[in-house]
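Visitor: First the structure, which I've put down as structure tokens, then a few questions once you've had a look.
Computed from the coordinates by the stated procedures, all read-outs in this text should not be read as laboratory data. This one's a predicted model, so the numbers in the text were calculated from it and none came from an experiment. Glycine gets a Cβ as well: all are built from the backbone with ideal geometry, and neighbour counts include every protein chain shown.
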Amino acid sequence: MGPIDIELLKKIVGPENVRDNIADRYVYGADASVHEATPHVIVRPTNTEQVQEVMRYANREKIPVVPRGAGSGMCGQVTPIMGGIVLDMKGMNRILEINVKDGYCRVEPGVVDDDLNRALKPYGVFYPPTPASSLIATIGGEIANNASGTRSVKYGAARDALLALKVVLANGECLSLGATTRVAASGYPLERLIVGSEGTLAVIVEATLRFVPIPKYRCLGISNFNRLSDAGDAISDIMASGCQPSMLELVDKVAITAVNKAEKLGLPDVEAILLFEADGMAKESIDPEIEKIKSICEKHGGFGVEYSYDEKERARIFAGRSKLFPSLSKFDDRLASTSLADDMAVPFSKMAEAAGKIHEIAAKYGIVMTAYGHCGAGCIHTKILMDTDKNFQWEAAEKAVAEIYDYVCSVGGTTSAEHGIGLSKAPAFKKEKEAALELMRGIKRVFDPNNILNPGKLMDAPDRWLVATPLRYQIVE
């Protein structure tokens, strides 16, 4: 890669949409992970033609291009480890069509999740994946990482809402993939290949998404458990019972302690809390579901069970879960919450065992970890709470992460449930998918022969890329 022609880029997208000062380059060098690297320039296109022109130039000169949404990823997906161009897609943020009759909408990749749902609400429908970062997360980023959220147990992830895509390839060619129909069997479903590709195959410039009716009723409940294993047994039974919860969330003791300390919620001093929700258009169909889930929880030692249809009461019940993530650093004033082993998926029957194993491994290496998440979808989120001033704590954390992912794979789980791979989980991902890595590299070469789209990620990511930024963490030997 030679010098980047900044003036040419300004001609393509306008001088106001090109940034190469050190401050902007620093900001765009990191996402919500612990990783950082500095790009050469930030380019913000506002239409597909500009994306095509940028990609033609970059491909010709073999300049790395990293497509970026809101930068809310926790694993370093958009960290530009080879420099080059960060393609900020937030300038393409138009909702192009809401087709109620055929049940889909067309949006540009920079549309923010919450903004889309505000636009859909008057039609009585919603786009369901909705991750916790929906206030800022963009649709393009959600598709690129196959994001989901608390209601994924019923409504699925980004891939389940995707009908069609328009993408720009590395050579600047624009392709339309998929169809606006709910069913299609016309050759390879290439639009699905883009889902979860983390910007390594193409640049998403338009997405066609299906939406679903907003439920008229929602009932949210909570159950306390003195033993984590009992909560795990309840999870397995609920999912095997024929119930269709719209939410099933696990919160462990570390998270409960942190939330109580940070928010003074007065949650009970127990090993685990389950939150469960059922929704639908008729209350008569929800009541039996909720009663069945309540009965299963109590069968496995659950107590203090309560539930409500009232919006304010639901907000009160869910407060501990909704405030969990920002509360974790309050668990101990000496410890900071870091994202390394950030999420994984295991079979329903292994949820409690996995949570217990996470705590066991953390204790072995002298760190604290929490285990929580969308247990109805088999998703466990973790955060490592450690003294980030100490280099030996980072080393211990890396060893713990490797051991946790070895366990996850041994029980039939997978490296990431919804947050993607990026850099943090690349070693575990490559170990899990070892037999398929060359096939993945072959697919990458077909889409991107010059390897300019987010190079050095997924199957080509380095085995170790743990760079703690001085601004966030000061490592002391």
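Visitor: Determine, for Ile290, Ile136, Ile384, the number of other Cβ atoms within 10 Å of each Cβ, and report the residues in order from fewest to most. Show your work: numbers first, answer last.
Guide: On the way: Ile290 21, Ile136 15, Ile384 29.
In increasing order of surrounding Cβ atoms, one gets Ile136, Ile290, Ile384.
Visitor: Would you work out the Kirkwood radius for region 328-460? I mean one over the mean of 1/r across all pairs of different Cα atoms, in Å.
Guide: Numbers: mean 1/r = 0.0637 Å⁻¹.
Final number for the Kirkwood radius of region 328-460 is 15.7 Å.
Visitor: Okay, moving on. Expressed in whole Å with the largest first, what are the equivalent ellipsoid semi-axes of region 217-323 derived from the C-alpha gyration tensor as the square root of 5 times each eigenvalue?
Guide: Numbers: eigenvalues 96, 59, 18 Å².
Three semi-axes, in Å: 22, 17, 10.
Visitor: Calculate the translational D of region 42-98 in whole µm² s⁻¹ from Stokes-Einstein, where the hydrodynamic radius comes from the Kirkwood formula applied to all Cα pairs, the temperature is 20 °C and the viscosity 1.002 mPa s. It would help to have the intermediate numbers written out before the result.
Guide: On the way: Rh = 12.3 Å.
For these conditions, the coefficient is 174 µm²/s.
Visitor: Another question, then. So for the chain, averaging the separation of alpha carbon pairs under 8 Å that are six or more residues apart and normalising by length, what relative contact order in percent results?
Guide: Taking the mean separation of contacting Cα pairs over the length of the chain, I get 16 percent.
Visitor: Students often check this: by mean Cβ neighbours within 10 Å, which of 266-274, 351-359 ranks highest, and how do the rest follow?
Guide: On the way: 266-274: 18.9, 351-359: 22.7.
The peptides rank, most packed first, as 351-359, 266-274.
Visitor: Pairs of alpha-carbon atoms within less than 8 angstrom and 6+ residues apart define the contacts here; what relative contact order does region 217-323 have, in percent? Provide the component values of the computation, followed by the final result.
Guide: On the way: 171 pairs, mean separation 50.7, N = 107.
It rounds to 47 percent for region 217-323.
Visitor: Take the Cα coordinates of region 109-174, assign each an equal point scatterer, and use the Debye formula without solvent to give log10 I(q)/I(0) at q = 0.18 Å⁻¹.
Guide: -0.67
Visitor: Which whole-Hz couplings ³J(HN,Hα) result when phi for each residue of region 401-414 is put into the Karplus expression 6.51 cos²θ - 1.76 cosθ + 1.60, θ = phi - 60°, listed in order with x for Gly and Pro?
Guide: In residue order, the calculated couplings are 4, 4, 5, 4, 5, 4, 5, 4, 5, 5, 9, x, x, 9 Hz.
Visitor: Please sort by residue number the GluC sites (Glu not before Pro) in region 406-441 whose DSSP state is loop and whose Cβ has at most 14 other Cβ atoms within 10 Å. All intermediate terms of the calculation are to be shown ahead of the outcome.
Guide: Working: sites: Glu418, Glu432, Glu434, Glu438; in loops: Glu418.
Those that pass, being in a loop and sparsely packed, number zero.
Visitor: Right, next: Before anything else, pin down the relative contact order of region 1-138: Cα pairs under 8 Å, at least 6 apart, normalised by residue count, whole percent.
Guide: Working: 252 pairs, mean separation 29.5, N = 138.
Over region 1-138, the number comes to 21 percent.
Visitor: Restricting to Cα atoms and excluding each atom paired with itself, what does the Kirkwood estimate give for region 87-132 in Å?
Guide: Numbers: mean 1/r = 0.0894 Å⁻¹.
About 11.2 Å, per the Kirkwood formula over Cα pairs.
Visitor: Another question, then. Could you give me D for region 188-255, from Stokes-Einstein at 4 °C and 1.567 mPa s, where the hydrodynamic radius is the Kirkwood radius over C-alpha pairs? Units µm² s⁻¹, please. Let's see the in-between values first.
Guide: Details: Rh = 16.6 Å.
After rounding, the answer is 78 µm²/s.
Visitor: Please give the Cα centre distance for region 402-457 versus region 356-375, rounded to the nearest Å.
Guide: Here the answer is 23 Å between Cα centres.
Visitor: The chain: D in µm²/s via Stokes-Einstein (Kirkwood Rh, Cα pairs, 10 °C, 1.306 mPa s)?
Guide: On the way: Rh = 23.1 Å.
Here the translational diffusion coefficient equals 69 µm²/s.
Visitor: For region 111-127, in order, what is each residue's ³J(HN,Hα) by Karplus, 6.51 cos²θ - 1.76 cosθ + 1.60 with θ = phi - 60°, in whole Hz (x at glycine and Pro)?
Guide: 5, 7, 3, 4, 5, 4, 5, 5, 5, 7, 4, x, 8, x, 9, 8, 8
Visitor: I need the Debye-formula profile for region 96-255: one equal scatterer per C-alpha, no solvent, reported as log10 I(q)/I(0) at q = 0.08, 0.13, 0.14, 0.16 1/Å, two decimals.
Guide: Treating every Cα as an identical point scatterer, log10 I(q)/I(0) equals -0.29, -0.69, -0.78, -0.95.
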